[in-house]
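What follows is a single structure, written as structure tokens, with notes after it.
The values are calculated or read from the model by the stated rules, or taken from the named source; none is laboratory data. These numbers were taken from a predicted model, which means no experiment stands behind them. Here the Cβ positions follow ideal geometry from the backbone for every residue, glycine too, while neighbour counts run over all protein chains shown.
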């Protein structure tokens, strides 16, 4: 998939999310989780402080802003909000439509707290990296000690959608 196809896919995600996603962190976690569930965004992820991060996604977002597909606004309290510009025709995103399954997950996750998505993304990342219980829980506690309040709900989502059982 080339950069234009990836940007079209992001545009579809933003469209299905109501035209905007608040915070870059949330965008990274949503794309990671939807990709982990089987949707092809063709993004490469590594683990960083806030969980799974994709440099290719960051570059695609930047290019989409430069090409007037997206705009980013910054609020001191909320951070960056990414919006789909509806007045600009997208490159031709017919092939970029999200699957029905992905739209269902997006509907479930789009309004969740970014910190919950951070914990969920970390759980899925660790599970895909070979961690199993109880080591996965121990590693999660080590990586996210300040987010323990989200662990139960995140494990519930991980079990339900990604076959990660606690």
Name the residue that is nearest to residue 8 (Cα to Cα), counting only residues in segment 49-80 that are touching a helix residue (DSSP H, G or I) at 6+ places or on another chain (Cβ under 9 Å) and part of a strand (DSSP E or B). 70
Exactly one of 120, 136, 147, 140 is outside the structural domain of residue 44 (by TED's automatic domain parsing), touching a strand residue (DSSP E or B) at 6+ places or on another chain (Cβ under 9 Å) and either over 28 Å from residue 78 (Cβ atoms) or buried (at least 17 other Cβ atoms within 10 Å of the Cβ) (or both), and that residue is 120
